[in-house]
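To start, the structure itself, in structure tokens.
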Amino acid sequence: MMQGYLKVRDTCPVCSEDLHHHRADDGPAWATIMVGGHIMAPLMLVTYEVWRPEGWVMALGFSIVFVLLSLYLLPRLKGMFVGFQWAKRMHGFGAETA
């Protein structure tokens with residue numbers, strides 16, 4: 001379904017379904033922040049409570065981990081949003097009603 005990192009193909013190469021009219025917009029970015037934050041917050045708390053690293057070490061380490069997690073999750077969540085729109089026949093994926 002994806003042509004590049006975040007570019008959705010105009011049509012599906014397998015079934016020829018039109019994909020150009022999807023409306024993912026800011027949903028995948030929002031979901032990435034929500035999922036990433038819910039994963040990172042407990043990890044930060046446990047790390048601080050168990051090892052008590054310096055502030056700059058935590059800031060640098062968790063910033064790198066969050067960026068990598070975000071880069072991994074973003075295209076997958078965008079695909080999930082487009083797939084959800086297709087499954088629910090939203091934003092032009094279904095038969096047009098008159």
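Here are the numbers:
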quantity	calculated
Spacing of the two label points (7 Å from each Cα toward its C-beta) at residue 59 and residue 47, in nm	1.4 nm
Environment charge of residue 29, counting only residues whose C-beta is closer than 14 Å and scoring Lys/Arg +1, Asp/Glu -1	+1
Förster-model FRET efficiency, 22 Å R0, residue 33 and residue 11, C-beta, rounded to 0.05	0.15
On Cα atoms only, tilt of 27-51 relative to the major axis of the chain in degrees	20 degrees
The chain: relative contact order in percent, alpha carbon pairs under 8 Å with at least 6 residues between	36 percent
Descending semi-axes in whole angstrom, ellipsoid equivalent of segment 1-83, from the Cα gyration tensor	36, 11, 9
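Each value in this text was obtained by applying a stated rule to the coordinates, not by laboratory testing. What you see is a predicted model, and the numbers here were worked out from it, not measured in a lab. Please note: Cβ atoms are built from the backbone with ideal geometry, for glycine as well, and neighbour counts cover all protein chains shown.
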